[in-house]
1. Write out, first by first residue and then by second, each pair whose Cβ atoms fall under 9 Å of each other, whose residues are 6+ apart or on separate chains, and whose first residue, in region B:256-275, is more than 14 Å from chain A (Cβ to nearest Cβ) and in contact (Cβ under 8 Å) with a residue 24 or more places away in the chain while the second is polar (S, T, N, Q) and not in a strand (DSSP E or B).
2. Condition first: without any contact (Cβ under 8 Å) to a residue 12 or more places away in the chain, assigned to a loop (DSSP other than H, G, I, E, B) and more than 30 Å from residue B:296 (Cα to Cα). Now tell me which residues in region A:40-91 satisfy that.
3. Only residues in region B:229-252 that are more than 14 Å from chain A (Cβ to nearest Cβ) count as the first member; pair them with residues that are assigned to a loop (DSSP other than H, G, I, E, B) and at pLDDT 95 or above, Cβ under 6 angstrom, at least 6 apart or cross-chain, and list the lot.
4. Can you tell me which residue within region B:13-39, out of those that are within 14 Å of chain A (Cβ to nearest Cβ) and surrounded by fewer than 20 Cβ atoms within 10 Å (Cβ to Cβ), is nearest to the chain's Cα centre (by Cα)?
5. Are any residues in region A:91-140 among the basic types (Lys, Arg) and closer than 28 Å to residue A:292 by Cβ, and if so, which ones?
6. Determine which member of the set A:18, A:85, A:78 is more than 14 Å from chain B (Cβ to nearest Cβ), of a type in the set (A, V, I, L, M, F, W, C) and either within 25 Å of residue A:194 (Cβ to Cβ) or surrounded by fewer than 22 Cβ atoms within 10 Å (Cβ to Cβ) (or both).
7. From the list B:215, B:302, exactly one residue is of a type in the set (A, V, I, L, M, F, W, C) and closer than 27 Å to residue A:106 by Cα. Which is it?
8. What about residue A:239, is it within 14 Å of chain B (Cβ to nearest Cβ) and in contact (Cβ under 8 Å) with a residue 24 or more places away in the chain?
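The values are calculated or read from the model by the stated rules, or taken from the named source; none is laboratory data. If you're wondering where the values come from, they're calculated on a predicted model, not measured in any experiment. Here Cβ is always computed from backbone atoms with ideal geometry, including for glycine, and neighbour counts include all displayed protein chains.
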Amino acid sequence: MIKTVISTELPVDEHLLIRKNSISGGSGKKRICLVTGTHGDELEGQYVCYRIAQILQSNLADLDGTVDIYPALNPLGIDSITRGIPNFDLDMNRIFPGDPMGSMAENTAHSIIEELRGADLVIDIHSSNIFLYEVPQVRINQLNADSLVPLASMLNLDFLWVHEAATVLEATLAYSLNSLDTPTLVVEMGVGMRITQSYGEQLVSGILNLMRHMGVWKGAVPELEERHTILSTTGTVDFINASASGVFIPLIEHSNHAEAGQVIGRIVDPLHGTVLQDVKLERPGFVFTIRAYPVVYEGSLLARVFREDNA
Amino acid sequence: MKRELLFVLPSPFRDEFRIQGFRFGSGQKSIAIVGAMRGDELQQQFICSQLVSTLQDLEEKGDIAAGHEILVIPSVNPFAMNIGKRFWAMDNTDINRMFPGYSLGETTQRIAAALFEQIQGYRFGVQMSSYYLPGDYIPHVRMMHTGYEDIELAQGFGLQYTLLRTPRPFDTTTLNYNWQIWETQAFSVCSGHTGVIDTESAVDTVSAVLRFMSLHGIIHCRTHPGYFSEVLREEDLITVKARRAGILYCMCKPDDSVRRDQILARVLDPYDGSVRWEVRAPADGTVFFIHDKTLVLENSMLFRIIPS
């Protein structure tokens with residue numbers, strides 16, 4: 001059933017509408033929410049919403065509970081290829097838990113929290129940005145690691161990154177919901193403005209697997225290649241930033257293990273026809289993030305590499 | 001005056017990105033003043049340019065007090081200003097959300113780190129800041145309530161109001177917040193406009209900064225004594241939001257005194273011109289902030305009122 005959960009009047013004959021597809025089956029009381037589209041340039045979650053809605057609606061007898069699907073928390077952003085909220089220059093994922101007395105953006109954020117709180121699980125799907133390509137991964141604030149890592153492990157993704165707490169991240173949707181005892185997992189995968197279908201299928205399978213574990217799904221779970229999810233707490237994450245400004249040419253695929261000394265990419269100067277930097281790994285590791293947008297400045301993030309402690 | 005290149009970053013396709021500083025006097029690091037950090041902070045940059053000009057005159061007359069050093073950095077983001085963008089042109093990140101910066105991190109973290117290194121250790125820090133909402137407002141000094149702030153010092157600018165803001169999570173990465181944490185008395189001077197230059201308000205702001213420096217013996221300069229600055233807490237301001245969307249027809253301006261139920265604006269239907277909603281003052285007071293966009297969305301913040 002399609003429901004409009006937030007409707008805000010725009011100046012000229014239009015409303016900002018945030019809608020959900022609420023799919024229920026059986027007598028189960030559990031509620032799982034899939035949310036995406038907080039950043040208007042991240043589209044990987046659209047495919048996942050489509051597939052989960054399609055599968056559940058075709059197999060209602062296998063559903064025992066409610067799955068609420070919210071494809072677009074920032075519909076104006078998605079429609080205008082704008083990462084933030086148009087008119088506000090604001091990153092929507094930095095204004096939670098919002099404020100009912102605040103501006104239109106803060107008010108909307110508050111309504112979203114009220115809508116989602118109390119769910120048995122929220123999965124917040126992101127797709128990096130236009131600059132970086134990410135392997136399918138779950139990101140968890142270390143404050144919630146004990147309760148969320150077991151759930152995240154069932155999503156069948158490649159990497160599970162337990163990161164340090166940072167004050168600025170307290171304004172994210174996931175932090176706000178987890179603080180309200182609504183377990184929330186953040187998935188990052190793919191790249192902005194694109195859909196990577198294989199990643200989408202991988203996550204769909206993982207979501208169904210997790211739903212089955214929670215007793216909400218009795219149906220089949222598509223079998224995908226069995227993978228070993230790497231847990232970040234068994235090693236270290238290295239950030240590799242550009243030492244030169246130029247054009248980055250990747251020399252490996254993301255989701256790759258790379259050796260010490262391996263050149264994973266080059267920064268080149270198109271005007272002079274020269275190589276400005278060979279981007280080498282000092283130590284072997286798993287490249288789970290790689291630069292997607294070629295133009296870089298000094299400091300631009302080129303890759304993130306996970307390295308096991310004994311590597 | 002010494003003009004110094006404080007930071008250089010090569011660009012793949014544009015000229016070098018440069019941050020320039022203007023240093024006056026010598027001795028203890030007394031005050032650092034930072035102008036435009038976003039590309040639309042024209043007023044903020046203009047004020048700094050006028051300060052550089054005025055301080056140059058004072059220096060020539062020997063009116064920079066001995067033993068005091070002043071640093072003015074008019075722009076931290078000329079790249080964005082030159083192409084009409086607000087944030088860092090490459091990735092739309094906000095330099096004022098990157099402090100204290102990280103010299104090995106992302107580009108805007110490196111810019112923030114380089115700037116912060118240059119402006120650390122000063123007794124006073126002044127950022128010419130824009131308001132975080134689009135609109136016009138009464139010029140004021142804003143301080144973060146971190147526990148390190150000294151409100152009486154802020155009143156020394158002699159602007160009408162000193163606004164105290166309780167930091168939210170996203171404020172913890174701003175220059176003002178980090179300056180205070182690193183033991184500089186930090187003030188954001190909000191001069192009423194962004195995106196345009198208002199010379200009258202700029203002159204008042206330049207006077208306010210000169211007054212502050214004079215008060216602390218950094219310069220020898222006779223200035224108007226200014227206002228006895230009233231301290232406001234941001235949460236004490238009354239917010240008036242748009243109950244309806246449409247064309248905003250505003251009937252008041254910042255600093256107007258208003259009575260309860262007075263009509264402040266009308267929201268008009270953009271198709272037939274009918275009045276969708278009359279915006280009325282919720283209490284007696286003074287208009288502190290007004291939304292300056294012609295079109296308003298439902299729930300937009302239209303006014304902030306200082307209650308009488």
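1. B:257/B:308
2. Listed by number, the list is empty, since nothing qualifies.
3. B:229/B:159
4. My answer is B:18.
5. If we filter region A:91-140 for residues that are among the basic types (Lys, Arg), which is where we start, we get A:94, A:117, A:139.
Of everything in region A:91-140, those that are among the basic types (Lys, Arg) and closer than 28 Å to residue A:292 by Cβ turn out to be A:94, A:139.
6. Working: A:18 fails: more than 14 Å from chain B (Cβ to nearest Cβ); A:85 fails: more than 14 Å from chain B (Cβ to nearest Cβ).
None of the others qualify; the one that does is A:78.
7. On the way: B:215 fails: closer than 27 Å to residue A:106 by Cα.
Exactly one of B:215, B:302 is of a type in the set (A, V, I, L, M, F, W, C) and closer than 27 Å to residue A:106 by Cα, namely B:302.
8. Here the answer is yes, as residue A:239 does meet what is asked.
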